[in-house]
Amino acid sequence: MPQFRLVVLISGRGSNLQAILDVCQTGCLNAEVVAVISNRPDASGLQYAAAAGIPYQVIDHTGFADRVTFDQALAQCIGRYMPDLVLLAGFMRVLTPGFVAQFTGRLLNIHPSLLPAFPGLHTHQRALDAGVTQHGVSVHFVTPELDGGPVIAQSIVPVLPEDDEAQLAARVLVAEHQLYPVVVQWLVAGRLSLNAQQQPVLDGATLDEPVCFQQ
Ligand code: GAR
C-alpha cells in the first residue's frame with residue numbers, strides 16, 4: 001500500500017518537523033514526509049530535511065506582492081508533491097481563504113497554547129502574565145482565522161510557580177512533539193476527519209470538545 005504522504009511547512013527551527021520525521025523513521029507513524037517547504041530562506045529547520053534526504057523548497061514570502069500571490073505559489077508547490085496531508089509546523093504566516101479551501105480537512109496546525117486562549121505570538125509569556133495555572137498545546141484543522149480552526153486535541157501542561165518563559169516553553173515543546181504525531185496518526189489511520197459542519201470527527205463521533213491529554 002502506498003505510504004500516506006505528508007508535506008510539512010516551516011518558518012524556523014523545525015523541531016516539530018524533526019519530531020514527525022522521527023516517528024516516521026521508527027514506524028510509529030505510517031507516513032512519509034515527501035517535502036518540506038519554508039517561507040524563510042534562513043529557516044534552520046531546513047537542515048533536518050536535508051539531513052533526512054527529503055526534498056525541500058524555499059518560497060520566500062518577501063518576493064511576493066501580496067498574500068494571494070504567495071499563497072498561489074505555495075499551493076502550486078505543495079500540489080507537485082501530491083500530499084494526503086499538509087502540516088503547519090511553526091509556519092508563521094496567515095493563510096488566505098483561497099489557500100485554505102484547497103486543503104479542507106487536510107491541513108493541520110500546532111499552536112503552543114490551549115486554544116482559544118492565547119492565539120498569535122508570545123503565548124508562553126502571555127500565559128505567565130495572565131497567571132494561568134494550566135497552559136499547553138493544541139492541534140487543530142486550519143481555517144482562514146489565525147489559530148482559529150476546530151481544535152482536535154490538546155495536551156495540558158501545568159504552569160509551575162518558578163516558571164519563566166523559557167522553562168514553560170521548553171515543557172510545552174515536549175508536549176508538542178508528543179501530541180502532533182498522535183493526531184497525524186489518527187488521520188493516517190482513517191480515524192479522524194472534518195465533517196461538512198467543520199467539526200472534527202474521531203472514530204465516528206463528533207468532537208464537541210478537544211481530546212485532552214495531561215502532561
Ligand atoms: C512551535 O512552538 C509551534 O507550536 C509554534 O511555533 C513553534 C515552532 O517551533 N507555532 C505557532 O505559534 C503557530 N501559531 P519549531 O519550528 O521548533 O517546530
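The values are calculated or read from the model by the stated rules, or taken from the named source; none is laboratory data. Keep in mind the model is a prediction, meaning the values are calculated, not measured. Quick reminder, even Gly has a Cβ in these numbers, built from the backbone with ideal geometry, and neighbours come from all protein chains shown. The accessibility values were calculated without ligands, DNA or RNA, using every heavy atom of the protein model including side chains. Shrake-Rupley method; radii C 1.70, N 1.55, O 1.52, S 1.80 Å.
Structural remarks
- Applying a threshold of 6 Å to beta carbon distances and a minimum spacing of six or more residues, or different chains, the list of pairs starting in region 160-187 at a residue that is among the acidic types (Asp, Glu) and ending at one that is modelled with pLDDT of 95 or more and open to solvent by 20 Å² or more (accessible area, probe 1.4 Å) reads 165/124; 165/125.
- Residues being in a loop (DSSP other than H, G, I, E, B) and more than 22 Å from residue 31 (Cβ to Cβ) - total across region 141-179: 12
- Condition met for residue 87 (under 19 Å from residue 145 (Cβ atoms) and either among the polar types (S, T, N, Q) or assigned to a strand (DSSP E or B) (or both)): yes
- Residue 72 part of a strand (DSSP E or B) and open to solvent by 30 Å² or more (accessible area, probe 1.4 Å): no
- When residues of region 188-207 are limited to those that are modelled with pLDDT of 95 or more and open to solvent by 70 Å² or more (accessible area, probe 1.4 Å), the one nearest to residue 107 (Cα to Cα): 191
- In region 180-191 there is no residue matching the filter, namely being within 30 Å of residue 99 (Cβ to Cβ) and in a strand (DSSP E or B).
- Residue match in region 83-95 (condition: within 16 Å of the ligand (Cβ to nearest atom), aliphatic (A, V, I, L, M) and open to solvent by 60 Å² or more (accessible area, probe 1.4 Å)): yes
- Within region 1-26, residues that are at pLDDT 95 or above have Cβ atoms under 8 Å from residues that are within 8 Å of the ligand (Cβ to nearest atom) and open to solvent by 70 Å² or more (accessible area, probe 1.4 Å) in these pairs: 11/92; 12/92, counting only partners at least 6 apart in sequence or on another chain.
- Of the residues making up region 99-131, those that are open to solvent by 50 Å² or more (accessible area, probe 1.4 Å) and away from the ligand (no atom under 14 Å from the Cβ) are 101, 102, 104, 106, 129, 130, 131.
- Count - residues of region 1-58 that are within 12 Å of the ligand (Cβ to nearest atom), open to solvent by 60 Å² or more (accessible area, probe 1.4 Å) and touching an Asp or Glu at 6+ places or on another chain (Cβ under 8 Å): 1
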